[in-house]
Amino acid sequence: MKKSVSTLLLLMSLSATPFVFTACSSDDDELIVVDPGKEVDRENLKGAIKNGEHIVLESGVYKLTGPLIVENGGKLTVKAGVTIEATPFKDGEEIRYIATAQGGQIFVEGTAAKPVVMTATNKVQSSWGGLVLCGKAPINKGTTATAEVSGLIYGGTLANDNSGSIKYLRIEYSGYSYSAEKEFNGLSMFGVGKGTTIEYVQVHEGSDDGFEWFGGTVDSKYLVATANEDDQFDWTEGWNGTNENWYAKEASAKGNRGIEADNNSNTHDVNPTSNPTIKNLTLIGRGAHQGESQALKLRVGTKGMLDNVVLSNWGTGFDVENDVTLGYVGSTLKATRVKFDNVATKSKGKKSDGSSVDVASVFTEDATATGAGAGTSTPEWAKGWTVGL
């Protein structure tokens with residue numbers, strides 16, 4: 001697979017002597033590095049950022065023409081106001097996506113006034129892969145595993161692993177699907193560690209999930225998921241993170257759940273157990289429909305503590321399944337201060353044998369709950385840098 005890109009190389013040496021790095025362009029997986037001071041080729045952004053290389057996208061628009069992989073020891077910095085636009089691809093061509101491997105780092109330096117935008121030329125769902133982060137934090141699928149998209153290794157024992165910092169980023173029209181078992185999301189976090197910063201990120205109009213955590217320990221703040229085809233938020237494989245201010249809103253004619261939450265689909269009680277903390281959460285659905293109109297689907301062994309929650313326009317508020325999950329209800333799986341608005345069924349439960357069970361203790365109500373800040377209205381922190389609200 002040919003990977004080539006002309007790049008700006010940020011020299012890390014403190015020496016005054018200039019360095020020039022070159023790479024042969026005839027072999028697969030080579031990165032063509034031009035002399036320092038040259039601009040990145042804005043029309044052909046793809047390739048591998050290798051150990052010791054730091055690529056900086058300074059301003060304007062860059063055309064993503066293939067996978068861009070930040071390898072172990074590499075760094076990618078994207079400055080405020082930059083747009084990365086995935087170009088259309090034909091059958092047989094490489095899917096466009098951006099990924100950090102274990103040991104690689106990405107730094108998205110957007111602001112409220114000038115967010116970074118990762119989008120596509122074709123403004124429709126499934127136009128590109130999205131952003132994939134692979135870290136070294138614990139998972140419960142094994143000590144390590146291979147990501148379902150990108151083929152990169154993830155997982156390990158470094159709870160505080162650092163994949164970089166992402167602030168004020170908008171991801172649009174992502175979610176390319178190879179098959180039902182191999183689909184990109186908007187932002188996919190595989191074994192991402194707590195040393196990573198994830199704040200002020202929106203995923204809009206994706207064809208699969210908006211945000212998905214595959215194990216790891218990373219925290220997050222100020223996340224917006226809008227008009228994604230499947231779930232707005234999704235976690236599995238033992239994710240533990242502390243989170244504040246999530247706001248999700250489905251489109252009028254598409255979208256399944258607000259949150260889909262799992263531990264491990266094979267061994268439901270395996271450690272580490274999925275057990276995030278989420279404070280200030282608003283999930284807005286599209287009303288009861290024949291799909292899975294559930295604000296929260298909690299199953300196969302997940303735990304989780306939620307507080308200050310607003311659920312609006314859903315068929316079901318809390319849908320809890322599986323005997324292991326049911327054993328946590330009311331203790332290590334609980335939502336406090338929940339406000340329901342136009343929710344047909346507040347909660348329902350199902351044992352592993354398919355029989356129904358009362359799970360009303362999974363929540364406590366509070367009509368004064370504000371969710372992500374403004375109830376069902378757009379919170380102040382989400383204004384100005386987002387779309388579709």
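The values are calculated or read from the model by the stated rules, or taken from the named source; none is laboratory data. Every value quoted in this text rests on a predicted model; they were computed, and no experiment measured them. Quick reminder, even Gly has a Cβ in these numbers, built from the backbone with ideal geometry, and neighbours come from all protein chains shown. Just the protein is used for accessible areas: all its heavy atoms, side chains included, with ligands, DNA and RNA removed. Shrake-Rupley method; radii C 1.70, N 1.55, O 1.52, S 1.80 Å.
How do 300-310, 243-253, 377-387 rank on mean C-beta neighbours within 10 Å, highest first?
Numbers: 300-310: 23.5, 243-253: 20.5, 377-387: 16.5.
So the peptides 300-310, 243-253, 377-387, ranked by packing, come out 300-310, 243-253, 377-387.
Rounded to the nearest 20 debye, the dipole size of segment 222-279 about its Cα centre is 240 debye, using +1 on the Cβ of Lys and Arg and -1 on the Cβ of Asp and Glu. Taking every DSSP beta bridge with both residues inside the chain, roughly what % is antiparallel (nearest 5)? Beta bridges within the chain, antiparallel portion: roughly 5 percent.
Among 79-92, 134-147, 227-240, how do they line up from the highest to the lowest mean number of other beta-carbon atoms within 10 Å?
So the peptides 79-92, 134-147, 227-240, ranked by packing, come out 227-240, 134-147, 79-92.
Using a 1.4 Å probe on the protein heavy atoms, what percent of the accessible area of segment 132-176 belongs to carbon and sulfur? Summing carbon and sulfur atoms, their accessible area is 46 percent of the total for segment 132-176.
For the chain, a simple Cβ point-charge model (Lys and Arg +1, Asp and Glu -1, everything else neutral) yields a dipole of about 740 debye relative to the Cα centre. Across the chain, the mean sequence separation of Cα contacts (distance under 8 Å, 6 or more residues apart), normalised by length, yields a relative contact order of 9 percent. Computed in the context of the full set of protein chains, the accessible area of segment 60-128 at 1.4 Å probe radius has 51% of its extent on carbon or sulfur. For segment 234-343, the per residue solvent-accessible surface stands at 33 Å², with DNA, RNA and ligands left out and a 1.4 Å probe.
Using a probe radius of 1.4 angstrom, the carbon and sulfur fraction of the accessible surface of segment 180-229 is 37%.
Here the relative contact order of segment 261-377, from alpha carbon pairs under 8 Å that lie six or more residues apart, stands at 26 percent. Taking a sphere under 14 Å around the Cβ of LEU333 and counting the other residues whose Cβ falls inside, with K and R at +1 and D and E at -1, yields a net charge of -2. Per-residue packing, averaged as other Cβ atoms within 10 Å, sorts the ranges 96-104, 207-215, 258-266 into the order 207-215, 96-104, 258-266, beginning with the highest. In the context of the full set of protein chains, segment 48-207 has a per residue accessible area of 34 Å² (1.4 Å probe). Taking the helices alone, the chain has a mean residue ellipticity at 222 nm of 0 deg cm²/dmol, built from -39,500 (n - 2.57) per DSSP H run of at least 4 residues and averaged over all its residues.
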